[in-house]
Amino acid sequence: MQETNDKGMLIRGRFTQRLARVMERINASIGFDQKMAMQDIAGSLAHAEMLAGQHIISAEDFAAIRGGLEQIREEISEGHFEFSVALEDIHMNIESRLNELIGAPAGRLHTARSRNDQVATSFRLWVRDAHDRALELIKELIGELLELAERNSSTIMPGFTHLQSAQPITFGHHLMAYVEMFGRDYTRLRDSRARMNESPLGAAALAGTSFPIDRAFSAKALGFAKPMHNSMDAVSDRDFAIEYLAAASLAMTHLSRLAEEIVLWMSPQFRFVQLSDAWTTGSSIMPQKRNPDAAELIRGKTGRVTGSLLGLLTVMKALPLTFSKDMQEDKEHTFDAAETLELCLEAMTGMIGDLTPVPERMLAAAGTSHATATDLADWLTRELGMPFREAHHVTGRLVRLADELNCSLDGLPLKAMREVHSQITEAVYTVLSVESSVKSRNSLGGTSPEQVRGEVARWRAHLQLLTSQVNPVY
């Protein structure tokens, strides 16, 4: 970064002293907002084209501005651009360089525009791009989950409540629960993108402009659905960033839940799944270790994203209209959260693609703790006409008897069962295996292999529909 030089006086016409060095440091945002360079250039190009179209600047000035901005875009892309702390932010850095390249026409670019609507436009464009990146990554993750679920539509594992073995389910069904979660994340982000897709450009400082601008033209040039309808709201709104962070926080929460399951499943006590060397690390002292570090890091990084959401909510909670410098704090929160979400989505997609289930371990665990007790209670209700509460009581006695005899429910002798309830018949054994339990749960949303395969097919079609839909306009 350059230190203070003559460029630092670019917008200090009424001031006679330079900024104090500490003031420069607290005031400058170029260290992080240079991420918005391409969005700032896009906004300036659209604004300049509009100014020329409205005959506010000449065609010659527009040509010079366009040529200069395209050169700056190339310099930044190739890493040749010199950023200056003295120029505060990416917007002034680009304007200063444009002035060096083309002279007087550069000064006309800012006609009918303030840094307030310029910043708001660049930031909206960046956050919109972040939405698009996240949407694509979530779609890829859902695709991997669907593949793994389809391959394991009949793989039996224990389902848990309170982290205690509850009922047998299929691994595919378990994975499809996460498809539902990430599907909601997808639609949340898509809706947020549609809601934010309005242009603040042309709102100027806060009250609009006296120049005959065409805000609809610049909005369309930048891919916005329409201009924002209140100039004060246009420059002061950060709902779009907060909504993005809220959606990102929920997505990270879902990633963290799945990451925690992978950590559990990888442990020697479970051994339900395996990850290859590409997705595990070792220990500096214990050579036998295979650690699911990527899953643990996803779990840990969730706090960064939720922290960013709370941070920006706190920044905005008491700001009067319109722009205040506090809003400079919006970008680091959002940039970091977006980078974290995207990295974690990529990592989870990689792990799911690499994940290998251990069916024999899952099946063995599914049969423990009398996991088919509910099937037994259902059978008593369905076949013997018992009220379910009575069936629940009888089943409880049979579970206690199985514990006393140190056997499973399907290992109980029929004679012993009849001592608890005389009407039980040999047909009860047809519902006491984990295989029959899973197969029987064929209701909509159930765990049976047939339901899982149907849900995979439905989601593949649904995902195609979601990604082909035009975003609604609010």
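The values are calculated or read from the model by the stated rules, or taken from the named source; none is laboratory data. These figures come from a predicted structure and were not determined experimentally. With ideal geometry, Cβ positions are generated from the backbone for all residues, glycine too; neighbour counts draw on all protein chains shown. With ligands, DNA and RNA removed, areas are computed over all heavy atoms of the protein, side chains included. Shrake-Rupley method; radii C 1.70, N 1.55, O 1.52, S 1.80 Å.
Let's test the formula: R0 of 30 Å, r as the Cβ-Cβ distance of Thr425 and Gln164. What FRET efficiency results, to the nearest 0.05? About 0.50, to the nearest 0.05. Remark: spin-label model distance Arg151-Asn406 equals 4.0 nm, labels positioned 7 Å along the Cα→Cβ axis. Ordering of 29-39, 440-450 by packing is 29-39, 440-450, highest average first (other Cβ atoms within 10 Å, averaged per residue). What percentages, rounded to whole numbers, describe P(r) for region 206-268 computed over all alpha carbon pairs with 5 Å bin width beginning at zero? Taking all Cα pairs of region 206-268, the binned fractions are 4, 14, 12, 16, 11, 8, 8, 7, 6, 6, 4, 3, 1, 0, 0 percent. The listed peptides 187-198, 164-175, ordered by packing as a protection proxy, come out as 164-175, 187-198 (highest mean of other Cβ atoms within 10 Å first). When Rg and the Kirkwood Rh are both derived from Cα coordinates, the Rg/Rh ratio for the chain amounts to 1.15. Over all orientations, region 187-321 has a Cα convex hull whose mean projected area works out to 12.4 square nanometres.
The amide H of Ala166, built 1.01 Å from its N in the peptide plane, has Gly159, Phe160, Thr161 as neighbours under 5 Å, considering only residues 5 or more places off or on other chains. If I take all pairs of Cα atoms in region 393-474, what percentage of them are more than 18 Å from each other? Within region 393-474, distances greater than 18 Å cover 61 percent of Cα pairs. Annotation: amide H-H contacts under 5 Å for Ile156 (H modelled 1.01 Å from N, sequence separation of 5 or more, or interchain): Phe171. State whether region 86-229 is rounded, prolate or oblate according to the following rule on the C-alpha gyration tensor (a ≥ b ≥ c being the square roots of its eigenvalues): a/c under 1.5 gives rounded; otherwise a/b larger than b/c gives prolate, and the remaining case gives oblate. Here region 86-229 falls in the prolate category. I want to verify the translational diffusion coefficient of region 292-446 in µm²/s; compute it with Stokes-Einstein, Rh as the Kirkwood radius over Cα pairs, at 20 °C and 1.002 mPa s. Answer from the Stokes-Einstein relation: 104 µm²/s.
This model, with +1 at the C-beta of Lys and Arg and -1 at the C-beta of Asp and Glu, gives region 13-74 a dipole about its Cα centre of some 460 debye. Length gained on full extension, Asp293 to Gln71, computed as 0.36 nm times the residue gap minus the Cα-Cα distance: 75.6 nm. Over the chain, accessible surface divided per residue gives 47 Å², non-protein components excluded, 1.4 Å probe. Shown in residue order for region 343-350 are the 3J(HN,Hα) couplings computed by the Karplus curve 6.51 cos²θ - 1.76 cosθ + 1.60 at θ = phi - 60°: 4, 5, 4, 5, 5, 5, 4, x Hz (x for Gly and Pro).
With the highest mean first, a sort of the peptides 119-127, 318-326 on other beta-carbon atoms found within 10 angstrom per residue produces 119-127, 318-326. Between Ser210 and Glu260, full extension at 0.36 nm per residue minus the direct alpha carbon distance yields a gain of 12.3 nm. Might you report the magnitude of the Cβ-based charge dipole of region 322-474 about its Cα centre, with Lys and Arg at +1 and Asp and Glu at -1, to the nearest 20 debye? Around 800 debye, computed over region 322-474. Every helix of 4 or more DSSP H residues in the chain counts as -39500 (n - 2.57), and over all residues that averages to -20000 deg cm²/dmol at 222 nm. Distance from the Cα centroid of region 335-406 to that of region 183-235 is 49 Å (rounded to whole angstrom).
Legend: residue pairs Lys301/Lys331; Lys139/Lys325; Lys220/Lys301; Lys226/Lys325; Lys139/Lys331; Lys301/Lys325, Cα-Cα distance threshold 30 Å; pairs beyond threshold, Lys139/Lys325; Lys220/Lys301. The angle between the Cα long axis of helix 388-405 and the longest principal axis of the Cα atoms of the chain comes to about 70 degrees, rounded to the nearest 10.
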